[in-house]
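Readers should treat all values here as calculations from the given coordinates under stated rules, not as data from a laboratory. These numbers were taken from a predicted model, which means no experiment stands behind them. Cβ coordinates were reconstructed from backbone atoms using ideal geometry, including for glycine residues, and neighbour counts include every protein chain displayed.
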Amino acid sequence: MTNTALDPASPLVVDTAELERSAGATMRVEREVAAPEALGPDVFQVPESSPLSIDVTFTSVSEGVLADGDVEATAEGECARCLAPVEDTLRVRVQELYAYEGSVTEETTDADEILRLQGDLLDLEPAVRDALVLAMPVTPLCRPDCPGLCAECGVPWDELPDDHRHETVDPRWAALDKLRSVDAEGDDRPE
């Protein structure tokens, strides 16, 4: 598998050189970075360039480096019922093993199942993206009891009076209703 080279200046790329591949060695990284792209579906996502708060401990293990920590971000979108703006702070746990190049895991694991170090560099972006997207609600709501929109006029139920109703006419009787309204107006009657 050919990987593109990681940019050590990228905010989600971490240099693990200080771990010196010594099993049990740890280092902690705390930083606030901008989301490199919008994370999540269009209806509810962490917008591009919004802040991601990262607090991750990296531990050297025999197969590679274990990243374990927390990520916090603010997701924005629309309520699935009433389309009102929704904003929620997501706090997720990230735990991912980054295998050393040429480690035993390469022989026992498919290439797309495990993340890999490139030299001493690892890219947190895939693990952060996956954790945040999986934590997002499938149907974001402005509140759990949101009544949604009136199916007839499209106005949020919260903005309508309690006695709000629409007269519905069975389409099978619509032609007769037209005749009744013509008759009531005193227009020409069919003879």
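Condition (residue is of a type in the set (Gly, Ala, Ser) and within 20 Å of residue 114 (Cβ to Cβ)) applied to region 43-61: is it met by at least one residue?
Yes, the conditions are met somewhere in region 43-61.
One residue is enough: does region 88-104 have a residue meeting the conditions part of a loop (DSSP other than H, G, I, E, B) and free of Cβ contacts under 8 Å to residues at least 24 places away in the same chain?
Of all residues in region 88-104, those part of a loop (DSSP other than H, G, I, E, B) come to 100-104.
Still in the running and free of Cβ contacts under 8 Å to residues at least 24 places away in the same chain: 101-102.
There is at least one residue in region 88-104 that is part of a loop (DSSP other than H, G, I, E, B) and free of Cβ contacts under 8 Å to residues at least 24 places away in the same chain.
Sort out which residues of region 48-68 are farther than 15 Å from residue 132 by Cβ and acidic (Asp, Glu), and write them in order of number.
63, 68
Step by step: first the residues of region 1-39, then only those that are aliphatic (A, V, I, L, M) and in contact with a Pro (Cβ under 8 Å, 6 or more places away or on another chain), then the one that is farthest from residue 124 (Cα to Cα). Which residue is that?
Across region 1-39, the extreme among qualifying residues is 38.
Test residue 34 against the criterion of being aliphatic (A, V, I, L, M), exposed (fewer than 14 other Cβ atoms within 10 Å of the Cβ), in contact (Cβ under 8 Å) with a residue 12 or more places away in the chain and out of contact with any helix residue (DSSP H, G or I) (no Cβ under 7 Å at 6 or more places or on another chain), and give yes or no.
Yes: the conditions hold for residue 34.
Would you confirm whether any residue within region 17-27 is more than 30 Å from residue 147 (Cβ to Cβ) and out of contact with any strand residue (DSSP E or B) (no Cβ under 8 Å at 6 or more places or on another chain)? Reasoning before the result, please.
Kept after step one, since they are more than 30 Å from residue 147 (Cβ to Cβ), are these residues of region 17-27: 17-27.
Now drop any that are not out of contact with any strand residue (DSSP E or B) (no Cβ under 8 Å at 6 or more places or on another chain), which leaves 17.
Scanning region 17-27 turns up at least one residue that is more than 30 Å from residue 147 (Cβ to Cβ) and out of contact with any strand residue (DSSP E or B) (no Cβ under 8 Å at 6 or more places or on another chain).
Which of the residues that make up region 17-41 are of a type in the set (A, V, I, L, M) and within 23 Å of residue 99 (Cα to Cα)?
Once the filter is applied, which keeps residues that are of a type in the set (A, V, I, L, M) and within 23 Å of residue 99 (Cα to Cα), region 17-41 yields 17, 19, 23, 25, 27, 29.
Residue by residue through region 2-31, note down the ones that are surrounded by 15 or more Cβ atoms within 10 Å (Cβ to Cβ) and among the basic types (Lys, Arg).
Answer for region 2-31, where residues must be surrounded by 15 or more Cβ atoms within 10 Å (Cβ to Cβ) and among the basic types (Lys, Arg): just 21.
Each row is one residue, and each column tells you yes or no for (1) more than 17 Å from the chain's Cα centre (by Cα); (2) surrounded by fewer than 18 Cβ atoms within 10 Å (Cβ to Cβ); (3) within 30 Å of residue 151 (Cα to Cα).
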residue: 51; (1), (2), (3): no, yes, no
residue: 55; (1), (2), (3): yes, yes, no
residue: 67; (1), (2), (3): yes, no, no
residue: 71; (1), (2), (3): no, no, no
residue: 74; (1), (2), (3): no, yes, no
residue: 81; (1), (2), (3): yes, no, yes
residue: 87; (1), (2), (3): no, yes, yes
residue: 93; (1), (2), (3): no, yes, no
residue: 100; (1), (2), (3): yes, no, no
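Need the failing condition index for residue 45 against (1) surrounded by 14 or more Cβ atoms within 10 Å (Cβ to Cβ); (2) farther than 16 Å from residue 128 by Cα, just the number.
Status for residue 45: all satisfied but (2).
Has region 158-176 got at least one residue that is in a helix (DSSP H, G or I) and either closer than 30 Å to residue 87 by Cα or in contact (Cβ under 8 Å) with a residue 40 or more places away in the chain (or both)?
So far as region 158-176 goes, yes, one or more of its residues are in a helix (DSSP H, G or I) and either closer than 30 Å to residue 87 by Cα or in contact (Cβ under 8 Å) with a residue 40 or more places away in the chain (or both).
Of all residues in region 126-157, which are among the aliphatic types (A, V, I, L, M), part of a loop (DSSP other than H, G, I, E, B), loosely packed, with under 14 Cβ neighbours inside 10 Å and within 15 Å of the chain's Cα centre (by Cα)?
138
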